[in-house]
Amino acid sequence: MTNLEKVNEHPEPGFGSALLCCSGILVIIIASVFFIKIELHIALILALIWAAFNTALLGFRFRDTKALMNDGVIAAVGAIYIFMLIGVVIAALIESGTIAGIIVYALGVVDPRWFLPACLLLCSFMSMATGTSWGTVGTAGVVLVGLGEFIGLPAPMVAGAVISGALFGDKMSPLSDTTILAATAVGTEVDQHIRAMFYTTGPTFLIILLVFGLLSFRYAGAELSLTEIDALRQPLLDQFSVNLLVFLPLLVIISMSFMRMAAEPSMMAGTAVAVIIAIFLQEREFSEILYSLQYGYVSESGIASVDTLLTRGGLQSMMWTLSLALIALALGGILNGAGFLKVLVSGLIKRIKTATQLVASTIATCILANMSMGENYLAVIFGSRIYKDTYQERGLQPRMLSRCVEEGATLSAGLIPWTTTGAFFSAALGVSTAQYAPWVLLSSFNMVISIGLTALGKGIFKKNNP
């Protein structure tokens, strides 16, 4: 008997029970983190206990509740492999001198006045071409945040530009798994889905490009003198031998991504090349490299900015993030499997009267699904299934639902600390989710513009329209 069949043996929760369970979880997390000031892990464990208690009230035995938790984790097991590898890749790129090489070559040509829009455009292009925001943030993003700190820009602001660009490409690329998943889940063509998103995401991108340009000009006086550039370059050159060979590991990762190879073999191949370069070019002992891959590279240049940039990476650096994601996924397994989310959202759908309310509700539901289940793939599927009949009944084309689902699920995932995406972005960039979230302008602006255009009667695709 499957876990789903076991769940069907139990009564579906009522709307009041679903509301009590879900609102209780939000209260526990908010109160624990912001008022009691305890670690987010413990807050999620308390929320997990509360959710399990609510399943017990429905008649679930513990083994059935545990099966739902397992299902939640298994649904996102692919992300777990990438979590473990990204820490190893970052350490390997530091050991090989790749990170140092990019900084050394870029310091003399980077202009702070254009840095933020350049980050946005570069990450948009890379993510559009590869179809992955994770790969973009974990490679180009790491370098850009470090380089931004070197030239005097706030790391959260740079991270916001990087993530905005990565999400734009991930959202609009026909190669993106979330783009394909959203279109498939609602029953529309990928090209139709992307065209629908251009109505809201296109104007959003132009607006945030302008905003990031204006923000960059605030740092127009931050140009580094030759003396300052040399002062930053020299500690890097003292630790690493820098030439064009150090860029080979990054080139391998990006090339394999462009060829649509899976993230895991791309990252492992890049790591292997980086280790070889570290041994023969940087003259590092193999045992020292392995130690860095496990615990991270430690820079001891004596220059605070250099040491902050280079002291990072390693498998163990991702364990805090991984454990957080595992707890969140287990919690999501209960909320989804026991039907709490479905009942809660179904009750809200019955109260929707206008297209604007429907769009806002769809986006809000996907955000809630991300907060509850910890994984945007699950949020995309959940939002698509729960609203599919409603959009049909209102005479709206499936591509309008797929657009709203992406705007809620894909764009919000990186803003929530305990989702797999939010935890990954934070760990890779070395900036907390709370710090960079206000600067991920694509997410907030896109959601507002989507709802606003619908209220104005724009971008609404009805079945009798072309």
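Candidates S402, S372, S432: the one that is surrounded by 24 or more Cβ atoms within 10 Å (Cβ to Cβ) and over 15 Å from A196 (Cβ atoms) is S372.
Each row is one residue, and each column tells you yes or no for (1) touching a strand residue (DSSP E or B) at 6+ places or on another chain (Cβ under 9 Å); (2) assigned to a helix (DSSP H, G or I); (3) surrounded by 19 or more Cβ atoms within 10 Å (Cβ to Cβ); (4) of a type in the set (G, A, S).
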position	(1), (2), (3), (4)
T188	no, no, yes, no
T204	no, yes, yes, no
Q234	no, yes, no, no
V242	no, no, yes, no
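Scanning segment 104-120 finds no residues that are modelled with pLDDT under 85, assigned to a loop (DSSP other than H, G, I, E, B) and on the phi > 0 side of the Ramachandran plot. Within segment 170-194, track down each residue that is over 17 Å from A129 (Cα atoms) and either within 17 Å of the chain's Cα centre (by Cα) or not aliphatic (A, V, I, L, M) (or both). Correct list: L181, A182, T184, G187, T188, E189, Q192, H193.
Pairs are defined by a Cβ separation below 9 Å, a sequence spacing of at least 6 or placement on different chains, a first member in segment 30-50 that is without any contact (Cβ under 8 Å) to a residue 40 or more places away in the chain, and a second member that is surrounded by 15 or more Cβ atoms within 10 Å (Cβ to Cβ) and outside any helix (DSSP H, G or I); the pairs so defined are V33/P417; A43/W418. Among residues of segment 146-157 that are touching a residue at least 12 places away in the same chain (Cβ under 8 Å) and on the phi > 0 side of the Ramachandran plot, those with a beta-carbon under 7 Å from a residue that is surrounded by 19 or more Cβ atoms within 10 Å (Cβ to Cβ) and not hydrophobic (A, V, I, L, M, F, W, C) at least six positions away or on a different chain give the pairs G152/P112; G152/Y219.
Within segment 360-377, residues that are under 15 Å from A18 (Cβ atoms) and of a type outside the set (K, R) sit with their Cβ atoms under 6 Å from residues that are surrounded by fewer than 24 Cβ atoms within 10 Å (Cβ to Cβ) and modelled with pLDDT of 90 or more, at 6+ positions apart or across chains, in these pairs: M371/I416. Scanning segment 40-85 for residues that are at pLDDT 85 or above, at negative phi and either among the hydroxyl-bearing types (S, T, Y) or not in a helix (DSSP H, G or I) (or both) turns up T55, L58, F60, R61, T65. Of all residues assigned to segment 57-80, none qualifies as being loosely packed, with under 13 Cβ neighbours inside 10 Å, without any contact (Cβ under 8 Å) to a residue 40 or more places away in the chain and within 19 Å of L344 (Cα to Cα). If we scan segment 320-338, do we find a residue that is over 22 Å from V77 (Cβ atoms) and out of contact with any Leu (no Cβ under 7 Å at 6 or more places or on another chain)? Taking every residue of segment 320-338 in turn, none turns out to be over 22 Å from V77 (Cβ atoms) and out of contact with any Leu (no Cβ under 7 Å at 6 or more places or on another chain).
The set of residues in segment 139-166 that are farther than 15 Å from L120 by Cβ and either touching a Gly at 6+ places or on another chain (Cβ under 7 Å) or acidic (D, E) (or both) comprises E149, A155. Of the residues contained in segment 413-432, none is found to be closer than 22 Å to T354 by Cβ and assigned to a helix (DSSP H, G or I). Within segment 302-321, which residues are assigned to a helix (DSSP H, G or I) and either buried (at least 22 other Cβ atoms within 10 Å of the Cβ) or of a type in the set (G, A, S) (or both)? A304, S305, V306, L309, L310, S317, M318, T321 - these are the residues of segment 302-321 that are assigned to a helix (DSSP H, G or I) and either buried (at least 22 other Cβ atoms within 10 Å of the Cβ) or of a type in the set (G, A, S) (or both).
Restricting segment 1-22 to residues that are of a type in the set (S, T, N, Q) and touching a Leu at 6+ places or on another chain (Cβ under 9 Å), the residue that is modelled with the highest pLDDT is S17.
Please find, among A360, A338, A325, A364, the residue that is among the aliphatic types (A, V, I, L, M), crowded, with 24+ Cβ neighbours inside 10 Å and modelled with pLDDT of 90 or more.
Working: A360 fails: crowded, with 24+ Cβ neighbours inside 10 Å; A325 fails: modelled with pLDDT of 90 or more; A364 fails: crowded, with 24+ Cβ neighbours inside 10 Å.
Matching residue, one of A360, A338, A325, A364: A338.
Yes/no per residue for (1) within 11 Å of the chain's Cα centre (by Cα); (2) under 22 Å from V211 (Cβ atoms); (3) charged (D, E, K, R):
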residue: S402; (1), (2), (3): no, no, no
residue: P417; (1), (2), (3): yes, no, no
residue: A423; (1), (2), (3): yes, no, no
residue: I449; (1), (2), (3): no, yes, no
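Taken over segment 444-466, the criterion of being farther than 21 Å from Q192 by Cα and either buried (at least 17 other Cβ atoms within 10 Å of the Cβ) or of a type in the set (G, A, S) (or both) is satisfied by S444, F445, G452, A455.
It is to be established whether one or more residues within segment 217-224 are loosely packed, with under 15 Cβ neighbours inside 10 Å and modelled with pLDDT of 90 or more. Taking every residue of segment 217-224 in turn, none turns out to be loosely packed, with under 15 Cβ neighbours inside 10 Å and modelled with pLDDT of 90 or more.
Scanning segment 297-349 for residues that are of a type in the set (V, I, T), within 24 Å of G14 (Cβ to Cβ) and free of Cβ contacts under 8 Å to residues at least 60 places away in the same chain returns V345, I349.
Tell me whether segment 404-422 contains one or more residues that are touching a helix residue (DSSP H, G or I) at 6+ places or on another chain (Cβ under 9 Å) and without any contact (Cβ under 8 Å) to a residue 24 or more places away in the chain. Yes: segment 404-422 contains one or more residues that are touching a helix residue (DSSP H, G or I) at 6+ places or on another chain (Cβ under 9 Å) and without any contact (Cβ under 8 Å) to a residue 24 or more places away in the chain.
Within segment 149-158, restricting attention to residues that are at pLDDT 85 or above and part of a helix (DSSP H, G or I), which residue is farthest from I94 (Cα to Cα)? Going through the qualifying residues, I end up with M157.
The values are calculated or read from the model by the stated rules, or taken from the named source; none is laboratory data. Keep in mind the model is a prediction, meaning the values are calculated, not measured. Positions of Cβ are backbone-derived with ideal geometry, glycine not excepted, and every protein chain shown enters the neighbour counts.
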